[in-house]
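Worksheet: the structure to be examined is printed underneath.
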Amino acid sequence: KNEVEQSPQNLTAQEGEFITINCSYSVGISALHWLQQHPGGGIVSLFMLSSGKKKHGRLIATINIQEKHSSLHITASHPRDSAVYICAVPGGGADGLTFGKGTHLIIQP
Amino acid sequence: DAGVIQSPRHEVTEMGQEVTLRCKPISGHNSLFWYRQTMMRGLELLIYFNNNVPIDDSGMPEDRFSAKMPNASFSTLKIQPSEPRDSAVYFCASSPQGQGYEQYFGPGTRLTVT
């Protein structure tokens with residue numbers, strides 16, 4: 001089973017700060033997912049990546065397959081970015097996801 | 001597309017009662033996943049289907065839980081009998097086909113068993 005570790009667990013920052021959330025996993029994978037869960041509870045897929053870097057607006061995700069590590073960056077953070085960010089990977093060769101515990105991000109105005 | 005549809009959105013029931021959660025995946029998606037989220041354990045995979053066939057049910061907690069997918073547009077997760085420790089948010093997600101594709105999550109069903 002793939003073990004997924006995220007850090008930090010909690011992060012509070014000021015509006016405008018550059019945010020980095022880290023994710024590491026134990027078993028090689030084909031792709032890694034970054035998800036966002038808002039206070040209302042809904043889960044949205046932000047990125048799925050298997051190599052290199054992807055960018056969407058102020059969000060950037062990177063992955064290093066050799067080091068089994070991924071990072072999610074938020075540039076020019078805004079209070080509406082406040083949410084739980086979850087890293088997930090396919091578990092044990094199957095298609096279902098194994099999730100990290102999530103990073104609870106609060107951006108203060 | 002309406003996205004993944006789940007019903008009910010909230011369910012409150014008494015211990016021992018049967019609970020049925022429903023999911024309609026996005027049209028054309030071949031894979032459907034049931035996940036459970038609790039404060040203690042976070043998000044966990046319960047079971048997933050590929051082309052209506054259950055592929056991996058190793059996450060199903062015990063025999064009280066069962067899931068079916070009678071056709072490509074409908075799946076159910078049943079708990080019988082329900083227990084207070086089953087209280088959680090149950091998410092259904094679908095994807096075009098397994099690994100290598102994004103998963104699209106439904107809004108979840110918040111289950112409370114008293």
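As a summary of the residue check, A:PRO79 satisfies the conditions (1) under 12 Å from the mean Cα position of the chain (by Cα); (2) more than 17 Å from B:GLU102 (Cβ to Cβ) except for the one numbered (1).
A single member of A:GLY91, A:GLY96 is free of Cβ contacts under 8 Å to residues at least 24 places away in the same chain, under 30 Å from B:HIS10 (Cβ atoms) and either more than 14 Å from chain B (Cβ to nearest Cβ) or open to solvent by less than 60 Å² (accessible area, probe 1.4 Å) (or both), and it is A:GLY96. Evaluation of A:SER26 against the conditions (1) open to solvent by 10 Å² or more (accessible area, probe 1.4 Å); (2) hydroxyl-bearing (Ser, Thr, Tyr); (3) more than 14 Å from the chain's Cα centre (by Cα); (4) farther than 29 Å from B:TYR48 by Cα shows that the sole unmet condition is (4). Being away from every other protein chain (no Cβ under 11 Å), of a type in the set (Val, Ile, Thr) and closer than 29 Å to A:GLN9 by Cα: is that true of B:THR112 here? Spelling it out, B:THR112 is indeed away from every other protein chain (no Cβ under 11 Å), of a type in the set (Val, Ile, Thr) and closer than 29 Å to A:GLN9 by Cα. What do you reckon, is A:LYS68 free of Cβ contacts under 8 Å to residues at least 60 places away in the same chain, charged (D, E, K, R) and closer than 30 Å to B:PHE49 by Cα? Yes; evaluated as a whole, the condition is true for this residue. Only one of the numbered conditions (1) open to solvent by 10 Å² or more (accessible area, probe 1.4 Å); (2) among the polar types (S, T, N, Q); (3) within 12 Å of chain A (Cβ to nearest Cβ) is not met by B:THR76, and that is (3). Residues that are among the acidic types (Asp, Glu) and in a strand (DSSP E or B) within the range A:1-52 comprise just one, A:GLU5. Taking the range B:32-61 as the range and being outside any strand (DSSP E or B) and either hydroxyl-bearing (Ser, Thr, Tyr) or at positive phi (or both) as the test, the residues that pass are B:ASN51, B:ASN52, B:SER58. Mind checking whether some residue in the range A:34-50 is surrounded by 12 or more Cβ atoms within 10 Å (Cβ to Cβ), more than 14 Å from chain B (Cβ to nearest Cβ) and in contact (Cβ under 8 Å) with a residue 24 or more places away in the chain? No; the residues of the range A:34-50 include none that is surrounded by 12 or more Cβ atoms within 10 Å (Cβ to Cβ), more than 14 Å from chain B (Cβ to nearest Cβ) and in contact (Cβ under 8 Å) with a residue 24 or more places away in the chain. Of all residues being open to solvent by 60 Å² or more (accessible area, probe 1.4 Å) and in a loop (DSSP other than H, G, I, E, B) in the range A:99-109, which is nearest to the other protein chains (Cβ to nearest Cβ)? Just the residue, please. Ranking the qualifying residues of the range A:99-109, first place goes to A:LYS101.
For the range A:55-88, taking the residues that are touching a Gly at 6+ places or on another chain (Cβ under 8 Å) and assigned to a strand (DSSP E or B), the one that is surrounded by the most Cβ atoms within 10 Å (Cβ to Cβ) is identified as A:ALA88. Filtering B:GLN99, B:GLN103 for residues that are at pLDDT below 95, buried (at least 18 other Cβ atoms within 10 Å of the Cβ), in contact with a Pro (Cβ under 8 Å, 6 or more places away or on another chain) and over 19 Å from B:GLY16 (Cα atoms) leaves a single hit, B:GLN99. Considering only residues in the range B:29-47 that are open to solvent by 10 Å² or more (accessible area, probe 1.4 Å) and within 7 Å of chain A (Cβ to nearest Cβ), the one that is nearest to the chain's Cα centre (by Cα) turns out to be B:LEU45.
The values are calculated or read from the model by the stated rules, or taken from the named source; none is laboratory data. Nothing here was measured: the structure is a model prediction, and the numbers come from that model. Glycine gets a Cβ as well: all are built from the backbone with ideal geometry, and neighbour counts include every protein chain shown. Accessible surface is based on the protein model in full, side chains and every heavy atom, while ligands, DNA and RNA are left aside. Shrake-Rupley method; radii C 1.70, N 1.55, O 1.52, S 1.80 Å.
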